[in-house]
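S.K.: Sharing a structure here in structure tokens format.
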Amino acid sequence: VQLQASGGGLVQEGGSVRLFCAASGFAFSDYDMGWFRQAPGKEREFVGGVDNTGGVTVYGSSVRGRFTVSRDNAENALYLQMNSLKPEDTAVYYCAARMGWRYIRQSRTYKYWGQGTQVTVSS
């Protein structure tokens, strides 16, 4: 099983970044997917999630309206489009997989995790 996140980097405040998560080794289309982030000294935070079909999404309050989660089951790919970035969005971003929508916001319920990609927003 592998989840490989990429696309992070340094971006200016107000800019945009698109993160990509490549999935392999499991039945991607059976799993709900989530994005989380963790800044230094802070707890891991739910960013957004998408159900296994791609038809339902949910977001954390701090990113709602600015970030968009999507997936392509044919490509085993998960995306996070991040717009209007703020310095407080600076963190390591992780993709993760789980089954069952009910606890989509809870990191401890996820079965598979990627290694994370750093996003740094400069002011």
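S.K.: Evaluate segment 11-21: report whether one residue or more is of a type in the set (Val, Ile, Thr) and open to solvent by 30 Å² or more (accessible area, probe 1.4 Å).
M.R.: No, because not a single residue in segment 11-21 is of a type in the set (Val, Ile, Thr) and open to solvent by 30 Å² or more (accessible area, probe 1.4 Å).
S.K.: Which residues, counting only those in segment 39-51, are of a type outside the set (Val, Ile, Thr), open to solvent by less than 60 Å² (accessible area, probe 1.4 Å) and touching a residue at least 40 places away in the same chain (Cβ under 8 Å)?
M.R.: Result: ALA39, PHE46, GLY49, ASP51.
S.K.: Yes or no: SER6 open to solvent by 30 Å² or more (accessible area, probe 1.4 Å), small (Gly, Ala, Ser), under 15 Å from the mean Cα position of the chain (by Cα) and within 23 Å of ASN73 (Cα to Cα)?
M.R.: In short, yes.
S.K.: Is at least one residue of segment 89-97 at pLDDT 95 or above, surrounded by 20 or more Cβ atoms within 10 Å (Cβ to Cβ), aliphatic (A, V, I, L, M) and touching a Leu at 6+ places or on another chain (Cβ under 6 Å)?
M.R.: no
S.K.: Those residues that are open to solvent by 50 Å² or more (accessible area, probe 1.4 Å) and under 12 Å from the mean Cα position of the chain (by Cα), I need them from segment 22-38; list them, please.
M.R.: If the condition is that a residue be open to solvent by 50 Å² or more (accessible area, probe 1.4 Å) and under 12 Å from the mean Cα position of the chain (by Cα), then GLN38 is the only one that fits.
S.K.: Scan segment 69-106 for residues that are hydroxyl-bearing (Ser, Thr, Tyr) and either without any contact (Cβ under 8 Å) to a residue 24 or more places away in the chain or closer than 11 Å to GLY49 by Cβ (or both) and jot them down.
M.R.: If the condition is that a residue be hydroxyl-bearing (Ser, Thr, Tyr) and either without any contact (Cβ under 8 Å) to a residue 24 or more places away in the chain or closer than 11 Å to GLY49 by Cβ (or both), then SER70, TYR103 are the ones that fit.
S.K.: Anything in segment 106-117 that is open to solvent by 50 Å² or more (accessible area, probe 1.4 Å) and either more than 20 Å from ALA23 (Cβ to Cβ) or over 12 Å from the mean Cα position of the chain (by Cα) (or both)? List them, or say none.
M.R.: If the condition is that a residue be open to solvent by 50 Å² or more (accessible area, probe 1.4 Å) and either more than 20 Å from ALA23 (Cβ to Cβ) or over 12 Å from the mean Cα position of the chain (by Cα) (or both), then GLN106, ARG108, LYS111 are the ones that fit.
The values are calculated or read from the model by the stated rules, or taken from the named source; none is laboratory data. Since the structure is predicted, the reported quantities are computational estimates derived from the model, not experimental observations. For neighbour counting, all protein chains shown are included, and Cβ atoms are generated from backbone atoms with ideal geometry for every residue, glycine included. Ligands, DNA and RNA are excluded from the accessible area calculation, which covers all protein heavy atoms including side chains. Shrake-Rupley method; radii C 1.70, N 1.55, O 1.52, S 1.80 Å.
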